[in-house]
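Chemist: Got a structure here, written out as C-alpha cells. Questions coming.
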Amino acid sequence: MYEYMFVETSLGGFFTSATHRETISEYAEKGWRLVQVLPTNYNGHGKPTDYEIIFERPLKD
C-alpha cells in the first residue's frame, strides 16, 4: 500500500523561475518517488501554466 503527496508548482514565466526540479529533489530526499506531473491550469493560448506533482511512498507498518 502507498501514501500519496500532491504538490502544486509552476514551470515559471516572464518574471518567475521554475521550481519543479528543486521540489522533486526535496521530496526525493524525504523518501517520496515521483509518479506523475499533471497540468492543472492553462493560459489563453492553451499552454499549461500550473502543475501538480504527484509523489508516492510505501506506507510504514
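The values are calculated or read from the model by the stated rules, or taken from the named source; none is laboratory data. Just so it is clear, the model here is predicted, and its values are computed rather than measured. Every residue, glycine as well, gets a Cβ built from its backbone with ideal geometry; the counts of neighbours run over all protein chains shown.
Chemist: Spot the failing condition for Arg21; the list is (1) of a type in the set (D, E, K, R); (2) part of a strand (DSSP E or B); (3) modelled with pLDDT under 90, and only one is missed.
Modeler: Going through the list (1) of a type in the set (D, E, K, R); (2) part of a strand (DSSP E or B); (3) modelled with pLDDT under 90, Arg21 breaks only (2).
Chemist: Just the residues that are farther than 30 Å from Asp61 by Cβ and surrounded by fewer than 10 Cβ atoms within 10 Å (Cβ to Cβ), please, taken from segment 1-46.
Modeler: Listed by number, the residues that qualify are Phe14, Phe15, Thr16, Ser17, Arg21, Gly44, His45, Gly46.
Residues are listed down the side, and each one gets a yes or a no for (1) under 16 Å from the mean Cα position of the chain (by Cα); (2) without any contact (Cβ under 8 Å) to a residue 24 or more places away in the chain:
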residue	(1), (2)
Leu11	yes, no
Tyr27	yes, no
Trp32	yes, no
Pro39	yes, yes
Asn43	no, yes
Arg57	yes, no
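Chemist: All but one of (1) of a type in the set (Ser, Thr, Tyr); (2) in a strand (DSSP E or B); (3) touching a Phe, Trp or Tyr at 6+ places or on another chain (Cβ under 7 Å) hold for Tyr51; which doesn't?
Modeler: It fails just one condition, (3).
Chemist: For segment 28-48, enumerate the residues that are part of a strand (DSSP E or B) and either basic (Lys, Arg) or on the phi > 0 side of the Ramachandran plot (or both).
Modeler: Filtering segment 28-48 for residues part of a strand (DSSP E or B) gives 33-42, 48.
The answer is Arg33, and nothing else.
Chemist: Then there is this: Acidic (Asp, Glu), out of contact with any Leu (no Cβ under 6 Å at 6 or more places or on another chain) and modelled with pLDDT under 85: is that true of Asp61 in this structure? Full working, then the answer.
Modeler: Values: acidic (Asp, Glu): yes; out of contact with any Leu (no Cβ under 6 Å at 6 or more places or on another chain): yes; modelled with pLDDT under 85: yes.
Yes: the conditions hold for Asp61.
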